[in-house]
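Let me begin by presenting the structure, written as structure tokens, before commenting on it.
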Amino acid sequence: EPEVTQTPSHQVTQMGQEVILRCVPISNHLYFYWYRQILGQKVEFLVSFYNNEISEKSEIFDDQFSVERPDGSNFTLKIRSTKLEDSAMYFCASSEAQSDEQFFGPGTRLTVL
Amino acid sequence: RKEVEQDPGPFNVPEGATVAFNCTYSNSASQSFFWYRQDCRKEPKLLMSVYSSGNEDGRFTAQLNRASQYISLLIRDSKLSDSATYLCVVNNFNKFYFGSGTKLNVKP
């Protein structure tokens, strides 16, 4: 069964450093997403991406964040200068079509020290 | 007002029980609706989509009431493996809004 994969599973970084989280969506999916979940809180939408551009983003997704599809398979989330409050689980998801079910990767746990 | 609201629970039920969760959403223009389950420190996994006509998948039944803006999930004959947090998800213009989840504990 095809699945979304994410690397690394756990990333530890110092405050102010840049991190790149990587995702490989399901191969025939066209819509890609990033979410975050702070420990003990709900899953929060960050950004959706389609046809090589951002289609929607939330208030959380400020200038510190960027997304990219550098090749035909990877989808990345970059945080330019990490803050302590960026510590969270980051989930990538993909869907075949807009408004369809989304399938989630296993997540990357980001810890900012 | 929150986009999606759920009773956080926990719901503690014995094996074999029937349990129901409700969820309300604020945006009447929402297009699609889902139930996901999330185990501790894992990713959300799709349980089922929710259609206006209602839909059933084995022991699970989902209903959507657009007029009242609520979604329900019914689990019959609960199993120990059903213990998880159940997330109500609403799609507004390609943004997925998650509820905080309802925790279910199924006891032997």
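For the stretch B:17-90, trypsin sites (Lys or Arg not before Pro) meeting the loop criterion (DSSP other than H, G, I, E, B) and having at most 11 other Cβ atoms within 10 Å: B:Arg41, B:Lys79.
Of all aspartates and glutamates in the structure, the ones whose alpha carbon falls short of 20 Å from that of A:Lys83, not counting any fewer than 8 places away in one chain, are A:Glu18, A:Glu44, A:Glu59, A:Asp62, A:Asp63.
Sorting A:Glu44, A:Glu59, B:Glu56 by solvent-accessible area of protein heavy atoms yields A:Glu59, B:Glu56, A:Glu44, largest first, with a 1.4 Å probe. Once the Kirkwood radius over Cα pairs is known for chain A, the Stokes-Einstein relation at 10 °C and 1.306 mPa s delivers a diffusion coefficient of 114 µm²/s. The stretch A:3-22 and the stretch B:40-108 have Cα centres spaced 29 Å apart. Per-residue 3J(HN,Hα) values for the stretch B:94-106, derived from phi via the Karplus relation 6.51 cos²θ - 1.76 cosθ + 1.60 with θ = phi - 60°, read 6, 10, 8, 10, 9, x, 6, x, 10, 8, 10, 10, 9 Hz in sequence order (x marks Gly and Pro). Residue by residue, the stretch A:50-59 carries 3J(HN,Hα) couplings of 8, 6, 6, 8, 5, 9, 9, 8, 9, 5 Hz when phi is fed to the Karplus relation 6.51 cos²θ - 1.76 cosθ + 1.60 (θ = phi - 60°); x denotes Gly or Pro. Here B:Lys2 is the anchor, and the lysines within straight C-alpha reach of less than 22 Å, apart from those fewer than 8 places off in the same chain, are A:Lys42, A:Lys57, B:Lys95, B:Lys103.
Looking at the stretch B:1-99, the chymotrypsin sites (Phe, Trp or Tyr not before Pro) that sit in a DSSP loop and have at most 16 other Cβ atoms within 10 Å of their own Cβ are B:Tyr51, B:Phe93.
Taking Cβ atoms as reference points and 15 Å as the exclusive limit, the residues near B:Arg59 contribute a net charge of -2, counting Lys and Arg as +1 and Asp and Glu as -1. Site-free segments of chain A were taken between trypsin sites (Lys or Arg not before Pro) in DSSP loops having at most 16 other Cβ atoms within 10 Å, sites themselves excluded; the longest one is A:1-79.
With both residues required to sit in chain B, DSSP beta bridges show an antiparallel share near 90%. Sequentially through the stretch A:10-16, phi angles give Karplus couplings (6.51, -1.76, 1.60; θ = phi - 60°) of 9, 10, 10, 9, 8, 3, x Hz, Gly and Pro residues having no value and appearing as x. For the protein assembly as shown, B:Cys40 stand unpaired, since no other cysteine beta carbon lies under 4.7 Å from theirs. Under the criterion of Cα pairs below 8 Å and six or more residues apart, the relative contact order for chain A equals 39 percent.
The values are calculated or read from the model by the stated rules, or taken from the named source; none is laboratory data. These numbers were taken from a predicted model, which means no experiment stands behind them. In this analysis, Cβ positions are derived from the backbone assuming ideal geometry, glycine residues included, and neighbour counts consider all displayed protein chains. Calculation scope for accessible area: heavy atoms of the full protein, side chains included, ligands and nucleic acids excluded. Shrake-Rupley method; radii C 1.70, N 1.55, O 1.52, S 1.80 Å.
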